[in-house]
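Read the structure below first, then the notes.
The values are calculated or read from the model by the stated rules, or taken from the named source; none is laboratory data. Source: prediction; values computed, not measured. Quick reminder, even Gly has a Cβ in these numbers, built from the backbone with ideal geometry, and neighbours come from all protein chains shown. We work out accessible area using only protein heavy atoms, side chains counted, and drop any ligands, DNA or RNA first. Shrake-Rupley method; radii C 1.70, N 1.55, O 1.52, S 1.80 Å.
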Amino acid sequence: MAQKILIIPLAIMLGAAVIGLTYPFWNGVPGSEQNVIPRFANQWHIGEGSENHPVLQYVINYSDKEFLATIEFMEKNGDNEKIYLLIDDKKSGVHLEQQLEIGEAFVFIGVNDDLKPYVQALDKTVFSVRDTITGSKYLVVGAEWGTTFVGKFNPKLKVVDYLDTKFQFGELKTFVVSYEINQIQNKLWIVDNMPLPVKAEYFTIDGKPDYSYELVDIKSGPLS
């Protein structure tokens, strides 16, 4: 009789332990697709890895512009960060460069007049992520990254894939973050420990191309 009394509480304890361990997965917690509880996964935020001073070169298509932007992340200056920016316009052949700063919210500071049209294009493309994604987000397939606002729509951003993505310089492990409006998908490609997205494809709500950009090189600095 004593053995039966002991076995019943033990069974209850074991059952509770199994439920406790599996609950996050069958309850639909982000990350269940990879059997990873989000709190154990890496997180990404804008500016992550900038302390390693990467030099990132993008090709950017926006409006009627197509240009290369090379961004060198330099040292921190309080809440601001020094960067060196090179622009090569693929249509006009214009070459511009300047050392300037970005604020804590990744806003450009001290841009000269010649560079302003290109910085405005960067604001609308590569750096627009600062207006969409705030705080640190889990790098786990299925994780929700908040809500964005596009006109009357407010779709949710979600990590939808983790894959090898080919670039001109080779392959990178990327997380694809996406939202959908009218069955049209807009996508960002994120790499752990990179300060900015490495690729994006965005469309208007009627399906026309809005802008795109892609990392074409990771250079060694300094450029300045």
Can you tell me the FRET efficiency between D131 and D217 if r is taken as the Cβ-Cβ distance and R0 is 25 Å, rounded to the nearest 0.05? 0.45
Which percent of the accessible heavy-atom area of segment 52-116 goes to carbon and sulfur, probe 1.4 angstrom? 43 percent
List, in the order given, every pair from K137/K173; K166/K219; K137/K219; K156/K219; K124/K187; K116/K199 whose Cα-Cα distance in the structure shown is over 24 Å. K137/K219; K156/K219
At 1.4 Å probe size, with every protein chain present, just tell me what the per residue accessible area of segment 60-162 comes to in Å². 50 Å²
Order the peptides 160-171, 194-205, 115-126 from the highest to the lowest mean number of other Cβ atoms within 10 Å of their residues. 194-205, 115-126, 160-171
Accessible surface of segment 125-219, 1.4 Å probe, proportion on carbon and sulfur as whole %: 45 percent
Accessible area per residue in Å² at 1.4 Å probe, computed on segment 177-224: 47 Å²
F167 and K76 label points (each 7 Å along its Cα→Cβ direction) are spaced in nm at 2.4 nm
Net +/- balance of residues flanking D123 in space, Cβ distance below 13 Å, scoring K and R +1, D and E -1: +3
Go through 43-49, 87-93, 130-136 and give me the packing order, highest mean Cβ count within 10 Å leading. 43-49, 130-136, 87-93
Report, in whole Å, the centroid distance computed from the Cα atoms of segment 82-157 and segment 168-212. 13 Å
